[in-house]
1. Filter segment 200-256 for residues that are farther than 19 Å from residue 482 by Cα and of a type in the set (Ser, Thr, Tyr) and give the result.
2. In the set 203, 225, which member is closer than 20 Å to residue 521 by Cα, open to solvent by 20 Å² or more (accessible area, probe 1.4 Å) and not β-branched (Val, Ile, Thr)?
3. Here is a list: 719, 751. Which entry is β-branched (Val, Ile, Thr) and within 34 Å of the chain's Cα centre (by Cα)?
4. With a cut-off of at least 3 residues that are open to solvent by less than 10 Å² (accessible area, probe 1.4 Å), name the helices (runs of 4 or more DSSP H) lying wholly within segment 310-401.
5. Inspect segment 46-69 for any residue being among the hydroxyl-bearing types (Ser, Thr, Tyr) and either part of a loop (DSSP other than H, G, I, E, B) or at pLDDT below 95 (or both) and give the result as yes or no.
6. Name the residue that is nearest to the chain's Cα centre (by Cα), counting only residues in segment 455-471 that are small (Gly, Ala, Ser) and surrounded by 18 or more Cβ atoms within 10 Å (Cβ to Cβ).
7. Residues of segment 475-499 being surrounded by 18 or more Cβ atoms within 10 Å (Cβ to Cβ), under 17 Å from residue 222 (Cα atoms) and either of a type in the set (Val, Ile, Thr) or touching a helix residue (DSSP H, G or I) at 6+ places or on another chain (Cβ under 6 Å) (or both), which ones?
8. Collect the residues in segment 646-681 that are surrounded by fewer than 19 Cβ atoms within 10 Å (Cβ to Cβ) and aliphatic (A, V, I, L, M), keeping them in residue-number order.
Amino acid sequence: MPEATPRPAPNRWQRFVEWDERPLRLDRFAVEDPVNGFAAFAGARDPAPEIAISAGRVVSLDGTPEAEFDMIDAFIARHHIDPEMVAEAMALPSEAVARMLVDVNVPRAELVRLAHGMTPAKLADVVARLNAAEITFAYAKMRARKTPGNQAHVTNAKDDPLQLAADAAIAVALGFDEVETTMRVSRNAWSNALACCVGAAVGRAGTLFQCSSEEAEELRIGMAGFTSYAETVSVYGTEKAFVDGDDTPWSKAFLAAAYASRGIKMRCTSGAGAELLMGFHEAKSLLYLEARCLCLQRGMGVQGTQNGGIDGAPLAATIPGGVRELMAENLLAVWLDLECASGNDARTSESEIRIGAKILPYLIAGSDLICSGFGSIKKYDNSFNPSLFNGEELEDYLVLQRDFEADGGLVPLGADLALDRRRRAVDALAAVLEELGLGSPDAAMRESVVFASGSEETASYGPREAAVISEAVRERGLTVLDVVAALDRRGFRDEAENLLFLLKLRISGDYLQTSACVREGRVLSAVNDPNDYAGPGSGYRLSEARRQEINAIRDVLDRETVLATAATAARGWERIPFGRSMGPAVEGEAPDEIVVGVSPAFGLQLFETLAGHPLPLVLKALVEGIESRGLKARIVRMRHTADTSFLGLSAAGLSGSGVGIGLQAKGTAVIHRRGRLPHNNLELFSNAPLVSLAHYRAMGRNAADHALGELPEPVVVPTHGEALGARFHAQVALIYAVETSLTEPGTAPETLDIAVARG
């Protein structure tokens, strides 16, 4: 026999090797370094809160005299600060204001009023004093609209317009209030906009849509009517970052006004880490810089903001306290009475645990838009880069809603409805392309998209073909009215009317109100649906109808399903005489006898174990094991109990050897001996889903060994940390209810025909 190669002595605890393999180890973390901008709450050069007013004019802001104002200071001083509020607001201790944010007796409106007199440093100083739970609570109280909502990212790796239309229709069916797209090839913006606006019109009216592109191009697309909102007007917390982008606060304010003048809803974008990524952080903390951004946005008069890190969120999450900072800056936004699309769009970790933890505060607090880009498509198709949640994890999110009875803005989607909406969207867009002379997708292209989960499965348009369509739309000056007419001519009247509905909204301007979305054909906003949270019983609560919608996830078990599954399992075993009684079971006298006591529903209503073993085969395995040691088996049905321990103890009491086996229909089994305490058994198979027929055979053999006075090696059913409770407990509870429904206290056991174990 060759000598074994000696293994090197370990020099490291093996657990670290295992930890190295976890997704978390793909994340990288940054040391806190305030001088170099890596500080969430306390930057090396964060100013102390301060303001001076002279003749109604701000002459000093957060320690900077007017003569030294940069353009951000100047804009905030002139357009955010309300001089009449300054004395009252700035005199309040930050600690006291922080307590007001979490005090249900202090109205939201009062806090919003005070915020108008606070400088960026003061606002940041207040929210920095709240821990994560307090920020979550304050956010629930301070957000503008009562009813929460959500926004989807709809893109694909090929810029395929057919897939965009199908995926936009799916986003609408899932309940997203807004759909945002962008493209891999910038010149495909018009094609993407055309496809998504058609897809978003399938199924219901009112889902708002935007195409994220170069700012001037994005405005042109909006003016052509394809989009109904914009949110990628970026602002920054340092002057150099603005200059680097060839912008100023005034140019951004002008752009915001341009959108509003065309009836297009508009938000700005800002968030932690942007200045750090651009190299212009000025040794200021993430929170202070974002406080400046938000004061700018309020001064511009925009409806709201998309903040909470956004592209910088993964960087913020590398810094100690970075995720708490993302929450804090969202709180600042709603405190300033801005609509908040609360980030959660960029994927901040490879760890699913960190991802689930990050979304939870927003899910339970609610938000105008919980994600400013939930990837309703697959990760590889997301042209914004993977979102915090993506198509792969969408059902996890739906279950989180159900777990916490929290409205995350989405509803479950049935398989038939999904196919119906995808086919309708593909056909509608194909009709538009044909009517406008932009393309003629054949049946194979359409079918590949209808059934595809992602672009790797489609045989449809590629980026170059999309570019041809996009250039044609732009150069011919096509507008959404051309699309409406094309849809109508080809019989897609509902979709045509849904698009017209959005155009009418732009004329009325109702959805330019803060926190506006459209539900059931009606604008819902902070004006007619204000957040009125003031403690338990107030604010947003799930209606019973909404609760039932959220509860309707897939694969929900009920008693009828369990019994139907059992009936299916019974097929083929009808010849087994489970119900044939051989008379009352009496106490045996033969010392070579092992009694197997089965549960009340065993073979009558239940026919296989949780591991999927037919019950006759389980009995056969046990009997074979008993007989392999030269002993005899007797099968007894217990009627007075369904409990495993008492099945085993009762069987032992009837057994001539004093050793018995208890066996539930779901597969849980126990070896017991007469006279022992009920739960002090000899061996137990508690994890029935993992038990094999070989294990049952070994249990029968061990029971015989116990009867022979030997001490056998216990049978160990290996586990690997499976969450068996999550997988089986609902089924177990329903099965056990079937068992207990057949119990009859005081009823004597009966011996069954041993043929049940011969198969």
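1. Correct list: 207, 212, 213, 229, 232, 234, 236, 238, 248, 251.
2. 203
3. One residue alone meets the criteria, 719.
4. Here the list reads 322-335, 352-365.
5. No, segment 46-69 contains no residue that is among the hydroxyl-bearing types (Ser, Thr, Tyr) and either part of a loop (DSSP other than H, G, I, E, B) or at pLDDT below 95 (or both).
6. Here the residue is 455.
7. 480, 483, 484, 499, listed by residue number.
8. 677, the sole residue that qualifies.
The values are calculated or read from the model by the stated rules, or taken from the named source; none is laboratory data. Please read these numbers as outputs of a predicted model, since none were measured by experiment. Cβ atoms come from the backbone with ideal geometry, glycine included; neighbour counts cover every protein chain shown. Note: areas computed on protein heavy atoms with side chains; ligands, DNA, RNA excluded. Shrake-Rupley method; radii C 1.70, N 1.55, O 1.52, S 1.80 Å.
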